[in-house]
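There's a structure below that I have some questions on.
The values are calculated or read from the model by the stated rules, or taken from the named source; none is laboratory data. Computed from a predicted structure; not experimentally measured. Reconstructed Cβ throughout: ideal geometry from the backbone, glycine too, with neighbour counts over all protein chains shown. Surface accessibility is based on the protein's heavy atoms, side chains included, excluding ligands, DNA and RNA. Shrake-Rupley method; radii C 1.70, N 1.55, O 1.52, S 1.80 Å.
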Amino acid sequence: MKKVVKFGGSSLASARQFKKVGDIIRSDKARRYVIPSAPGKRNSRDEKVTDMLYACYDAASTGASYKKILEKIQSRYTEIIDGLELNLNLDHEFGRIEENFVSGIGRDYAASRGEYLNGQVMAAYLGYEFIDAAEVIFFDEEGNFDAEATNQELSERLEHVERAVIPGFYGSKPDGSIKTFSRGGSDVTGSIVARAIHADMYENWTDVSGFLVTDPKIVENPEVIETITYKELRELAYMGAGVLHEDAIFPVRKEGIPINIRNTNRPEDKGTLIVESTCRKPRYTITGIAGRKGFCSVNIEKAMMNAEVGFGRKVLQVFENYGISFEHMPSGIDTMSIMLHQDEFEEYEQSVIAGIHRAVHPDAVELESGLALIAVVGRGMKATRGTAGRIFSALAHARINVKMIDQGSSELNIIIGVKDADFEQAIRAIYDIFILADM
């Protein structure tokens, strides 16, 4: 059995955390390929190493004072190495990093050094082979991830490597320069490695015991999701739910490899299992609730709109002309509403309104701002009658007015629009009716 294990920054923030990670890896011989992040915060007042690297590079590359920041970064690693009692010296690595920073090598290189150095520490601690991600994770000239070239190189490289540490977050372009994924990209690296070795499981270790039903900042101590499908996760991640980098889903989904979200500080917890499909009956009707604020709607009215061929295409062409994407588009016989990110739309609102008038000659165009979208997601909704009714009953009881509803044909999710001011209360009301009432 082969497992890829990725550990986040909070799991590797100190020597004490490293020891927890070492115990986890050694407790299961299947945990053969390790993906470390850069050291995160040790406490709420601390700094992440990646943020310090950015600051150091910005100073060094512009001729400003940078020595103190670099020394602070180096002391973080020295503290970890000494705490683990390792015979490892990173002075040469830091010397090379300093030279590259001063020469202005690039911010991606700077950001990647946190994972690179932590990978060396982890490999020395475990006695595993260290493989620089720049040698096996590839991007093209434009900076787009090259999935097939990477998969081929990784498969060949790891075929005869029993145990290895591959730093997360970065790779290289054809010219050898370093390119990073977006923040949180170590999740993606773990997924890529899992695909390449045909892993039986991809374990993603973090500081929470799995994927929560909803945001703990809104609902106190929400339940943990036991099992969730890729489709459900995609819907929730799209609406802002965190824990796993969104792009980490696709490489393992191609191979049907499950992902297990686990807690480094509570390794006995089973966490959340993310799968392609499952026969397991969900514990609750819904799997999760997620949402985001900051939307607006463009409401278009025109008599006999439904009989006008190409009406929707002409309207959407106006938005495309200004590079504006839409989120949802509920419509009626004589009405159409386009839901948009307000901050993207505001700059062009008057031009868009004028463009809509020229394109389709509507009877009226009205704007409404300060909206929030909430996704209620769950594979159990399809087989349960009255789900939408329970949602609206809960919102009505909480005296919340529903501005929009949109349900996909898969019956996997229901999107509800409410005013920004009602966002948190709406999520609590939905959580209460589906989770607390069913416990």
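Looking only at segment 245-270, count every residue that is in contact (Cβ under 8 Å) with a residue 40 or more places away in the chain and over 11 Å from LYS6 (Cα atoms) and tell me the total. Don't jump to the end; show me each part of the working.
Pass one, segment 245-270, residues in contact (Cβ under 8 Å) with a residue 40 or more places away in the chain: 245, 247-252, 254-255, 257-267, 269-270.
If we keep only those that are over 11 Å from LYS6 (Cα atoms) too, we end up with 245, 247-252, 254-255, 257-258, 263, 265-267, 269-270.
Counting residues in segment 245-270 that are in contact (Cβ under 8 Å) with a residue 40 or more places away in the chain and over 11 Å from LYS6 (Cα atoms) gives 17.
Follow-up. Tell me, which strands (runs of 3 or more DSSP E) lie completely within segment 152-215 with 1 or more residues that are of a type in the set (Gly, Ala, Ser) and crowded, with 22+ Cβ neighbours inside 10 Å?
Numbers: elements: 170-172, 178-180, 201-206.
The qualifying strands (runs of 3 or more DSSP E) are 170-172.
So, ILE391, is that one part of a strand (DSSP E or B), modelled with pLDDT of 85 or more, closer than 28 Å to THR229 by Cα and out of contact with any Cys (no Cβ under 8 Å at 6 or more places or on another chain) or not? Give the derivation first.
Details: part of a strand (DSSP E or B): no; modelled with pLDDT of 85 or more: yes; closer than 28 Å to THR229 by Cα: yes; out of contact with any Cys (no Cβ under 8 Å at 6 or more places or on another chain): yes.
Taking the combined requirement at face value, the residue does not satisfy it.
Contact list please: Cβ distance under 8 Å, first residue in segment 348-365 and within 18 Å of VAL309 (Cβ to Cβ), second residue assigned to a helix (DSSP H, G or I) and of a type in the set (D, E, K, R), pairs at least six apart or on different chains.
Sorted first by the residue in segment 348-365, then by its partner, the pairs are ALA359/LYS314; VAL360/LYS314.
If the requirement is being in contact with a Ser or Thr (Cβ under 8 Å, 6 or more places away or on another chain) and open to solvent by less than 60 Å² (accessible area, probe 1.4 Å), which of these qualifies: GLY386, GLY370, GLY417, GLY355? Write out each step before concluding.
On the way: GLY386 fails: in contact with a Ser or Thr (Cβ under 8 Å, 6 or more places away or on another chain); GLY370 fails: in contact with a Ser or Thr (Cβ under 8 Å, 6 or more places away or on another chain); GLY355 fails: in contact with a Ser or Thr (Cβ under 8 Å, 6 or more places away or on another chain).
Just a single option satisfies the conditions, and that option is GLY417.
What are the residues in segment 325-339 that are in a loop (DSSP other than H, G, I, E, B), of a type outside the set (Asp, Glu) and touching a residue at least 12 places away in the same chain (Cβ under 8 Å), if any?
Going through segment 325-339, the residues in a loop (DSSP other than H, G, I, E, B) turn out to be 325-327, 329-330, 332-334.
In the following step, the residues that additionally are of a type outside the set (Asp, Glu) were identified as 325-326, 329-330, 332-333.
Answer for segment 325-339, where residues must be in a loop (DSSP other than H, G, I, E, B), of a type outside the set (Asp, Glu) and touching a residue at least 12 places away in the same chain (Cβ under 8 Å): SER325, PHE326, MET329, PRO330, ILE333.
Follow-up question, since we're still on this one. Keeping to segment 279-324, report how many residues are part of a loop (DSSP other than H, G, I, E, B) and within 19 Å of GLN350 (Cβ to Cβ). Lay out the reasoning, then the answer.
Filtering segment 279-324 down to residues part of a loop (DSSP other than H, G, I, E, B) leaves 279-287, 302-304, 308-310, 322-324.
Those left that are additionally within 19 Å of GLN350 (Cβ to Cβ): 322-324.
Looking only at that region, the number is 3.
A quick yes/no check of all residues on (1) over 24 Å from the mean Cα position of the chain (by Cα); (2) modelled with pLDDT under 95:
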residue	(1), (2)
ILE286	no, yes
MET305	yes, yes
VAL309	yes, yes
SER331	yes, yes
SER351	yes, no
ASP363	yes, no
LEU367	yes, no
ARG379	no, yes
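Okay, next question. Scan segment 1-38 residue by residue and report those that are in contact with a Gly (Cβ under 6 Å, 6 or more places away or on another chain) and part of a loop (DSSP other than H, G, I, E, B).
Narrowing segment 1-38 to residues in contact with a Gly (Cβ under 6 Å, 6 or more places away or on another chain): 4, 6, 9-10, 13, 15, 35-38.
Residues satisfying the conditions are ALA13, SER37, ALA38.
Quick one: would you say ARG292 is charged (D, E, K, R) and at pLDDT 95 or above? Spell out the reasoning first.
Values: charged (D, E, K, R): yes; at pLDDT 95 or above: no.
No: the conditions fail for ARG292.
Are any residues in segment 279-298 open to solvent by 40 Å² or more (accessible area, probe 1.4 Å) and either touching a Cys at 6+ places or on another chain (Cβ under 6 Å) or touching a residue at least 12 places away in the same chain (Cβ under 8 Å) (or both), and if so, which ones?
Initial filter on segment 279-298 (open to solvent by 40 Å² or more (accessible area, probe 1.4 Å)): 279-281, 283, 292-293.
Within segment 279-298, ARG280, LYS281, ARG283, ARG292, LYS293 qualify.
Something else: With out of contact with any strand residue (DSSP E or B) (no Cβ under 6 Å at 6 or more places or on another chain) and at pLDDT 90 or above as the only criterion, which of ASN204, ASN221 stands out?
On the way: ASN204 fails: out of contact with any strand residue (DSSP E or B) (no Cβ under 6 Å at 6 or more places or on another chain).
Step by step, each of ASN204, ASN221 is checked, and only ASN221 is out of contact with any strand residue (DSSP E or B) (no Cβ under 6 Å at 6 or more places or on another chain) and at pLDDT 90 or above.
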